[in-house]
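The structure appears below as structure tokens.
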Protein chains: 2
Amino acid sequence: MVTRTALERREQARFAFEKWLADCPGRQLLDRIGDRWTCLLLRALSDEEQRYSDLLRRVPGVSQKMLTQTLRSMERDGLVSRRITPSVPIRVDYELTELGHSLLPVVDVISAWASVHMSEVNQAREAYDDALQENLEEDLRSA
Amino acid sequence: MVTRTALERREQARFAFEKWLADCPGRQLLDRIGDRWTCLLLRALSDEEQRYSDLLRRVPGVSQKMLTQTLRSMERDGLVSRRITPSVPIRVDYELTELGHSLLPVVDVISAWASVHMSEVNQAREAYDDALQENLEEDLRSA
DNA sequence: CCGTATCCAAAAGGATACTG
DNA sequence: CAGTATCCTTTTGGATACGG
């Protein structure tokens with residue numbers, strides 16, 4: 001019989017769960033587009049290919065590090081293609097692949113829901129925070 | 001003339017950008033559903049209301065802390081409603097609001113794209129990593 | 001021009017123990 | 001039963017400096 005400590009069993013269970021989670025396709029996609037820049041880059045590249053320096057200017061606030069990192073992982077996942085022109089100075093263009101294009105409708109659906117309903121969310125948020133505030137003050141008075 | 005240091009100007013620019021980013025509805029929604037548990041909970045609650053302890057069991061791997069935290073922020077944002085039955089022992093049920101329900105088609109679109117295309121993404125990923133590995137070995141040989 | 005490398009701060013999230 | 005509180009690790013992403 002194999003002896004296992006509680007820790008080992010937990011590690012094992014956790015590993016199995018992580019595996020299950022990684023297999024859930026929707027979760028994987030959210031890991032992919034849920035970060036700070038991927039969606040913005042998809043949009044920035046939706047119409048035409050762009051060179052690195054243009055993206056750096058067109059996407060407000062992105063740092064060189066994050067631009068490179070995000071573009072690399074998008075390339076790795078087959079969402080963009082990277083074309084190098086070894087001129088002087090060097091020029092690199094990024095373009096959405098077919099797979100990348102197929103993702104645009106999805107982000108459109110997300111944006112559409114957001115532009116319709118996000119105000120409701122923000123209202124709910126304010127109402128919730130106000131109510132919380134009231135309760136706090138009430139607690140203070142009764143104390 | 002107002003004198004400002006470079007640091008102040010950067011802070012200012014950054015603040016303005018954060019504001020712009022916060023105003024982008026799509027980005028806000030991704031911040032909302034892009035976390036580890038929100039989508040899973042939306043699905044778990046899609047059919048019928050569930051009590052806290054059921055959710056804890058039905059959603060594999062979620063901790064008490066994250067369940068409570070996620071449920072709270074969903075409630076704050078008007079996606080779920082919370083009903084307390086002060087019996088002994090106490091009972092708390094969570095139910096999707098109308099707003100929460102309206103989000104289900106969105107996560108369906110995400111899941112749909114994922115179940116169709118995620119295998120392509122994984123293939124691209126492997127191909128990319130393999131190519132990278134080949135290059136590494138080549139570099140070693142030439143060294 | 002197009003990156004890489006390094007360091008660092010903030011945030012997310014898990015483990016565990018405790019409470020009304 | 002339904003949480004809170006605390007501690008800790010991991011991940012994310014920004015700032016800065018340097019390189020081909």
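Summary of computed values
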| read-out | value |
| --- | --- |
| Residue pairs meeting the criteria (Cβ under 7 Å; at least 6 apart or on separate chains; first within 11 Å of chain B (Cβ to nearest Cβ), in segment A:76-102; second within 12 Å of DNA strand C (Cβ to nearest atom) and modelled with pLDDT under 95) | none |
| Of residues in segment B:64-75 being more than 11 Å from every other protein chain (Cβ to nearest Cβ) and more than 8 Å from DNA strand D (Cβ to nearest atom), the one surrounded by the fewest Cβ atoms within 10 Å (Cβ to Cβ) | B:Met66 |
| Test: A:Arg36 is within 11 Å of chain B (Cβ to nearest Cβ), over 22 Å from the mean Cα position of the chain (by Cα) and either within 13 Å of DNA strand D (Cβ to nearest atom) or under 26 Å from B:Val107 (Cα atoms) (or both) | no |
| Residue in segment A:111-130 that is farther than 23 Å from B:Ser102 by Cα and within 13 Å of DNA strand D (Cβ to nearest atom) present | no |
| Verdict on A:Ser46 being of a type in the set (Ser, Thr, Tyr) and either modelled with pLDDT under 95 or within 11 Å of DNA strand C (Cβ to nearest atom) (or both) | no |
| Verdict on B:Arg72 being touching a residue at least 40 places away in the same chain (Cβ under 8 Å), assigned to a helix (DSSP H, G or I) and out of contact with any strand residue (DSSP E or B) (no Cβ under 8 Å at 6 or more places or on another chain) | no |
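The values are calculated or read from the model by the stated rules, or taken from the named source; none is laboratory data. Please read these numbers as outputs of a predicted model, since none were measured by experiment. Cβ coordinates were reconstructed from backbone atoms using ideal geometry, including for glycine residues, and neighbour counts include every protein chain displayed.
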